Amino acid sequence: MSSKNSSSTSVVPRGFSKFYVLSLLKEGPMTGKEIMEETAKRTQGSWKPSPGLVYPLLGKLLSSGLIEEVEEGRGYRITVSGEDLLSQYQLGQSDIDNLSAAFMRLGLFGQLMAKDAVDKMIGLTKELRQDVSKLGKAQKAKYRKFLESELRRLDRSEQQPKSA
């Protein structure tokens, strides 16, 4: 997902485009062309998503029920499901931003630590995706049960008062 500018190449992280488009559509309905133009404008030309990125992405978001068409082909708007997904992403992003800011205060060492942490998370995510796709139905059910129990544990820990 890279696009070229006259002086540089910008790389947009995989998966970011989906949330970026949802956030634009939360502001109001847009066509694919308007999404491309608005992105180029907001990034001052450093990211110009191509039609080959935007239109297939809109198709996926549409088929997932995260967006819907406005007046038959005259644009798209975010759905309630899309807003829910975007809210979940933004909550997680806030935590990542806070952690990243702490790393950046450590200077170069912190930046290297942050880059290493992100690289490890990306690697782990890829590995999990590959491994989960190889699991049988019973194994997937066990994995789901484990993840759900971990989410409940996290919820309980967040509800407990924090000690100083």
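The values are calculated or read from the model by the stated rules, or taken from the named source; none is laboratory data. Small disclaimer: the values here were computed from a predicted structure and weren't measured. Every residue, glycine as well, gets a Cβ built from its backbone with ideal geometry; the counts of neighbours run over all protein chains shown.
Checking each residue in the stretch 37-50 for being surrounded by 19 or more Cβ atoms within 10 Å (Cβ to Cβ) and part of a helix (DSSP H, G or I) picks out only Thr39.
Just one of Leu61, Leu53 is assigned to a helix (DSSP H, G or I), assigned by TED's automatic domain parsing to the domain that holds Leu25 and modelled with pLDDT of 90 or more; which is it? It is Leu61.
Since Ser3 meets every condition but one in (1) at pLDDT below 60; (2) of a type in the set (Gly, Ala, Ser); (3) surrounded by fewer than 13 Cβ atoms within 10 Å (Cβ to Cβ), which condition does it not meet? Result: Ser3 passes all but (3). Picking from residues in the stretch 6-36 that are modelled with pLDDT under 90 and assigned to a loop (DSSP other than H, G, I, E, B), the one that is surrounded by the most Cβ atoms within 10 Å (Cβ to Cβ) is Val12.
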